[in-house]
1. The conditions are (1) part of a helix (DSSP H, G or I); (2) surrounded by 12 or more Cβ atoms within 10 Å (Cβ to Cβ); (3) hydrophobic (A, V, I, L, M, F, W, C), and B:A122 fails exactly one of them. Which is it?
2. From (1) away from DNA strand D (no atom under 16 Å from the Cβ); (2) more than 21 Å from A:A29 (Cβ to Cβ); (3) surrounded by 14 or more Cβ atoms within 10 Å (Cβ to Cβ), pick out the condition that doesn't hold for B:A104.
3. Among the residues of the range A:50-67 satisfying the criterion of being in contact with a Phe, Trp or Tyr (Cβ under 6 Å, 6 or more places away or on another chain) and within 12 Å of chain B (Cβ to nearest Cβ), which is nearest to DNA strand D (Cβ to nearest atom)?
4. B:A17 versus (1) within 12 Å of DNA strand D (Cβ to nearest atom); (2) closer than 16 Å to A:L10 by Cβ: which is the lone unmet condition?
5. Can you tell me which of (1) within 11 Å of DNA strand D (Cβ to nearest atom); (2) among the hydroxyl-bearing types (S, T, Y); (3) closer than 18 Å to B:A29 by Cα is the one A:T33 doesn't meet?
6. Any idea which residue in the range B:73-128 is farthest from A:R67 (Cα to Cα), counting only those that are in contact with an Asp or Glu (Cβ under 7 Å, 6 or more places away or on another chain) and of a type in the set (K, R)?
7. Can you report the number of residues in the range B:85-96 which are surrounded by fewer than 16 Cβ atoms within 10 Å (Cβ to Cβ) and either of a type in the set (A, V, I, L, M, F, W, C) or more than 8 Å from DNA strand C (Cβ to nearest atom) (or both)?
Number of protein chains: 2
Amino acid sequence: MATVVESSGLPADCYSADCPTRQVLDRIAGKWTVLIVDSLLQGTLRYTDLSRRIEGVSQKMLTQTLRSLEADGFVTRTVHPVVPPRVEYTLTPLGRSLAGPVAALRAWAEEHINEIEAARTAHTRVPR
Amino acid sequence: MATVVESSGLPADCYSADCPTRQVLDRIAGKWTVLIVDSLLQGTLRYTDLSRRIEGVSQKMLTQTLRSLEADGFVTRTVHPVVPPRVEYTLTPLGRSLAGPVAALRAWAEEHINEIEAARTAHTRVPR
DNA sequence: CCGTATCCACCTTGATACTG
DNA sequence: CAGTATCAAGGTGGATACGG
């Protein structure tokens with residue numbers, strides 16, 4: 001089951017769009033995905049709950065992101081046939097497991113953001 | 001040193017563009033950043049080395065990505081004043097440390113990509 | 001060898017209006 | 001309540017040509 005690997009640690013197909021890393025990166029890079037997943041980590045939420053919780057998201061983007069998260073198996077969508085409609089979104093085990101690497105990334109970001117901003121300052125103060 | 005946290009695990013400011021997580025996410029989400037960092041993990045490379053190694057990258061994007069990586073303190077750029085020009089790129093300690101969370105993400109992606117693709121197939125086969 | 005400069009096609013996002 | 005439809009704006013990346 002050894003995968004083909006270049007001289008670096010990166011699989012060869014990571015230059016193409018269907019590289020697993022690329023696909024996951026593109027997903028979590030979206031403006032709303034991480035916020036939605038994080039909101040659902042504690043439990044099921046309704047559509048309106050999400051839209052209130054995630055400040056600034058438009059109906060279009062919330063729906064669109066939820067739909068693709070559903071398609072990828074990260075959330076389940078449950079429609080209760082009542083009036084008024086009641087639609088609930090819940091993380092799947094896959095969705096919950098995504099929170100792991102995202103948390104690692106967040107930890108790294110918060111640990112190193114000062115260093116990054118210092119570099120930016122130093123760089124702009126000496127443009128050339 | 002306690003940071004303000006919402007009822008979820010996500011810092012409150014993660015709804016804004018200057019949230020550390022958002023900034024780092026946007027950086028590594030770029031099409032070329034991960035490939036460049038990975039290429040430089042083993043050591044210094046010249047501009048042309050990078051362009052040959054990273055198949056499909058245009059001069060514009062390679063230069064642009066390297067410049068912003070430099071501005072953020074991830075790589076150093078060394079110009080040797082000779083003819084023909086010799087410019088070398090090297091990862092800083094900060095740049096090398098970024099490889100950690102990225103590797104975690106890659107490992108997760110490769111571990112779960114089958115599950116994701118299975119979900120996609122199941123979803124398209126039952127559109128409604 | 002190592003870039004810069006321009007132009008352009010695409011894609012993502014957001015605003016707005018409407019509906020079962 | 002929980003969406004869909006449509007349109008417009010901005011940003012990202014690529015092709016191409018040229019320069020020190």
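1. The one condition B:A122 does not meet is (2).
2. For B:A104, the failing item is (2).
3. Residue satisfying both the conditions and the ranking: A:V57.
4. Condition (2) is where B:A17 drops out.
5. Against the list (1) within 11 Å of DNA strand D (Cβ to nearest atom); (2) among the hydroxyl-bearing types (S, T, Y); (3) closer than 18 Å to B:A29 by Cα, A:T33 comes up short only on (1).
6. This residue is B:R77.
7. So the answer is 4.
Residue by residue, here is whether (1) facing chain A (nearest Cβ under 7 Å); (2) at pLDDT 95 or above; (3) over 24 Å from A:T78 (Cα atoms) holds:
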{"site": "B:F74", "(1), (2), (3)": "no, yes, yes"}
{"site": "B:V79", "(1), (2), (3)": "no, yes, yes"}
{"site": "B:V87", "(1), (2), (3)": "no, yes, yes"}
{"site": "B:T92", "(1), (2), (3)": "no, yes, yes"}
{"site": "B:G95", "(1), (2), (3)": "no, yes, yes"}
{"site": "B:H112", "(1), (2), (3)": "yes, yes, no"}
{"site": "B:I116", "(1), (2), (3)": "yes, yes, no"}
{"site": "B:R125", "(1), (2), (3)": "no, no, no"}
{"site": "B:R128", "(1), (2), (3)": "no, no, no"}
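The values are calculated or read from the model by the stated rules, or taken from the named source; none is laboratory data. The model shown is predicted, which means the values in this text are computed figures rather than measured ones. Virtual Cβ from ideal backbone geometry, glycine too; neighbours counted across all protein chains shown. Just so you know, the surface numbers come from the protein's heavy atoms only, side chains and all, with ligands and any DNA or RNA stripped out. Shrake-Rupley method; radii C 1.70, N 1.55, O 1.52, S 1.80 Å.
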